[in-house]
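Peer 1: There's a structure below that I have some questions on.
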Amino acid sequence: MEKGLEIDFETADRITLSSLKDHRKYLSKELEDYFKKDRWLHTDDVIRNADLIKALELIISYYGGTND
């Protein structure tokens with residue numbers, strides 16, 4: 001007997017895309033607050049966030065999303 005939840009791949013892709021976009025938005029907000037509101041962010045995190053945002057934009061495009 002199998003247990004668990006099964007969803008079709010289109011739904012899984014939409015969930016994945018939504019999660020990726022949410023995380024990109026979170027990282028972008030951190031950078032915006034750092035630059036515009038003088039919020040503290042470790043220098044390594046500033047660089048890492050910028051790199052991750054670029055990577056997320058590439059993956060979001062792959063999943064058919066837009067980088068708006």
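The values are calculated or read from the model by the stated rules, or taken from the named source; none is laboratory data. These numbers were taken from a predicted model, which means no experiment stands behind them. Neighbour counts are summed over all protein chains in view; Cβ atoms, including those assigned to glycine, are modelled from backbone coordinates with ideal geometry.
Peer 1: Of all residues in segment 36-50, which are surrounded by 11 or more Cβ atoms within 10 Å (Cβ to Cβ) and either at pLDDT 95 or above or part of a helix (DSSP H, G or I) (or both)?
Peer 2: Taking segment 36-50 and keeping what is surrounded by 11 or more Cβ atoms within 10 Å (Cβ to Cβ), we get 39, 41, 45-46, 48-50.
Selection gives Asp45, Val46, Arg48, Asn49, Ala50.
Peer 1: Can I ask one more? Among (1) at pLDDT 95 or above; (2) among the β-branched types (Val, Ile, Thr); (3) over 15 Å from the mean Cα position of the chain (by Cα), where does Ile53 come up short?
Peer 2: Against the list (1) at pLDDT 95 or above; (2) among the β-branched types (Val, Ile, Thr); (3) over 15 Å from the mean Cα position of the chain (by Cα), Ile53 comes up short only on (3).
Peer 1: Here is a further query. Step by step: first the residues of segment 7-21, then only those that are free of Cβ contacts under 8 Å to residues at least 24 places away in the same chain and hydrophobic (A, V, I, L, M, F, W, C), then the one that is surrounded by the fewest Cβ atoms within 10 Å (Cβ to Cβ). Which residue is that?
Peer 2: Our first condition is that a residue be free of Cβ contacts under 8 Å to residues at least 24 places away in the same chain; within segment 7-21, this holds for 7-12, 14-15, 18-19.
Next, from what is left, pick out any that are hydrophobic (A, V, I, L, M, F, W, C): 7, 9, 12, 15.
Working: Ile7: 10, Phe9: 8, Ala12: 11, Ile15: 11.
Among residues in segment 7-21 that are free of Cβ contacts under 8 Å to residues at least 24 places away in the same chain and hydrophobic (A, V, I, L, M, F, W, C), the one surrounded by the fewest Cβ atoms within 10 Å (Cβ to Cβ) is Phe9.
Peer 1: Hey, another quick one. Of (1) among the basic types (Lys, Arg); (2) loosely packed, with under 14 Cβ neighbours inside 10 Å; (3) in a helix (DSSP H, G or I), Arg24 satisfies all except one. Which?
Peer 2: Evaluating Arg24 over (1) among the basic types (Lys, Arg); (2) loosely packed, with under 14 Cβ neighbours inside 10 Å; (3) in a helix (DSSP H, G or I) leaves (2) as the failure.
Peer 1: Okay, moving on. Would you point out the residue of segment 1-28, among those that are more than 12 Å from the chain's Cα centre (by Cα) and of a type in the set (Gly, Ala, Ser), that is farthest from Leu52 (Cα to Cα)?
Peer 2: Gly4
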